[in-house]
Amino acid sequence: MAATKTDVRKALKKVIDPEIGINIVDMGLIYEVKVEQDVALVRMTLTVPGCPLANMLTMQAQKAAQGVEGIKDAKVELTWDPPWNPKMMSDEAKRKLGWG
């Protein structure tokens, strides 16, 4: 069965930002997910440029996407455009942080 971008997004929800304790999808860090044949393409950002967790989070995102059944490879692109802001978080994430 072919993997879908929904499958990849679900897997990415298992990647938790250790500083905040919320997954990278609900944090609003995932800008785009594509699946082309058996390759997952993920475009993401971080809360701030120079984040000390950049390598760890991008590697965990890649590993999570590669773990999806039907995905043989995953490529993660880190971007700063548009810059992340708290409005990008899900309502659930905002509630967990006491913002909603």
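Bear in mind these aren't lab numbers, they're just calculated from the coordinates by the rules spelled out. From a predicted model like this one, the values you see are computed outputs, not experimental measurements. With ideal geometry, Cβ positions are generated from the backbone for all residues, glycine too; neighbour counts draw on all protein chains shown.
Yes or no: Asn55 polar (S, T, N, Q) and over 23 Å from Arg95 (Cβ atoms)? Reasoning before the result, please.
Details: polar (S, T, N, Q): yes; over 23 Å from Arg95 (Cβ atoms): yes.
So Asn55 fits the description; yes.
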Checklist line | Breaking point among (1) within 12 Å of the chain's Cα centre (by Cα); (2) within 19 Å of Trp99 (Cβ to Cβ), for Val48 | finding: (1)
Check: What number goes with the only condition from (1) of a type in the set (Val, Ile, Thr); (2) under 14 Å from the mean Cα position of the chain (by Cα); (3) under 18 Å from Ala11 (Cα atoms) that Ile71 does not pass?
Finding: (2)
